[in-house]
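Worksheet for the structure shown next.
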Amino acid sequence: MTAMRRIIGQLAGFAVVGLAALPGPLPLPTPTALPIALPSVSVPTIAVGPPASLPALITPGDQPAALPTPSQGAQPGTSSNHAATPGATANTPAGNPPHGIVIPFTTIYLSSPLDIALIGALVTLPLLFGIWMLLFGRTFRAARRAREAQVRLMLAADLGLRPKDLLSMSTKALFNLREKSAFDELTGVLRRAAGISVAEREIARARRHNTPLSIAFVDLDGLKQANDRKGHAAGDALLRGLSHALKHGLRAEDAVLRYGGDEFVCVLPDTEVRGARAKLGQIQIGAAKSGIRFSAGVAQLQRHDDVVALFARADRDLYDFKANRGEIVQLPPPDARPRHKRRASA
């Protein structure tokens, strides 16, 4: 107990001696206020500046540091202190101007190569479309001229015109002339072009209604001899007589066309080949009374026939008939008067 008291007394003596050795009173630390200015949110920028210093502790005997004046400016990326005087503002650096190509009369900048390529493609599309339309128009006009020239040549061939006569006539005039001259002036039957059109129409109708159709090729005998012996007037009389016999011997729905110089074609709808041969036999008997003799070849429409194939088969049958000198009826000689008729065996 006595030793403890002795140690406490020594420590108290050491404390008194230490306090006596200090030059003045010991300052007590007081809590200091941290800066209340907080950085405001702004566009992040990269700026190189002096490192920020840590705030120093303010003791009771020291003066507070002076605040920055508005003329000194704020550091990039920071805002002014809330304790600054009214009217003091912080200077913010202006942004860099955008780089690229600006579209006229707009505020759009093209900075990416992909954007520039897209805009270039959009600009060139109308130009490419215009070039395509120009080429298409020229090609269409050239094709139309070629087609018109071909049609004019076909019309000239049907009308018997020479190529130099086409220069003074338009295509419309040629069509009008063909319509007016659809019928042969000498015989009164259809011309070749008009007759073929009628045959094509009848072929289409026969296929649509599944009805028979026959074509007869008729060749006038003795036309050349009549022209040589008695002149062309006699030959024209034979042609008119044959056409008259065909038109009056056939039905109203049948068509007769002059295919060539002395060849005629008869279009017989709703008629089979046997009926066509029988009808032509009756006409042949009547024409023989007037001294008109002719040969005939008949063909019936088949499944895969067109107008060319049908006409070719009828023409082949005509040549076979003439080669065998066959006749539907046994006709008298041209210069003899027929007293009786004798039918030939089939």
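The values are calculated or read from the model by the stated rules, or taken from the named source; none is laboratory data. Keep in mind that this is a model prediction, so the values were computed, not measured. Glycine gets a Cβ as well: all are built from the backbone with ideal geometry, and neighbour counts include every protein chain shown. When the accessible area is computed, the model is the full protein with side chains, heavy atoms only, and any ligands, DNA or RNA have been set aside. Shrake-Rupley method; radii C 1.70, N 1.55, O 1.52, S 1.80 Å.
Students often forget the sequence filter, so: which aspartates and glutamates lie under 16 Å Cα-Cα from residue 230 once same-chain residues fewer than 8 apart are removed?
Correct list for residue 230: 221, 335.
If you roll a 1.4 Å probe over the heavy atoms of the protein chains, what accessible area per residue do you get for the stretch 232-289, in Å²?
Counting only protein heavy atoms, the per-residue value for the stretch 232-289 is 45 Å².
Per residue of the stretch 224-232, in order, report the coupling 6.51 cos²θ - 1.76 cosθ + 1.60 (Karplus, θ = phi - 60°) as ³J(HN,Hα) in whole Hz, putting x for Gly and Pro.
5, 5, 5, 5, 6, 8, 10, x, 6
Roll a 1.4 angstrom probe over the protein heavy atoms and tell me the percent of accessible area of the stretch 130-189 that is carbon or sulfur.
62
DSSP loop GluC sites (Glu not before Pro) in the stretch 170-222 with at most 16 other Cβ atoms within 10 Å of their Cβ, which ones?
185
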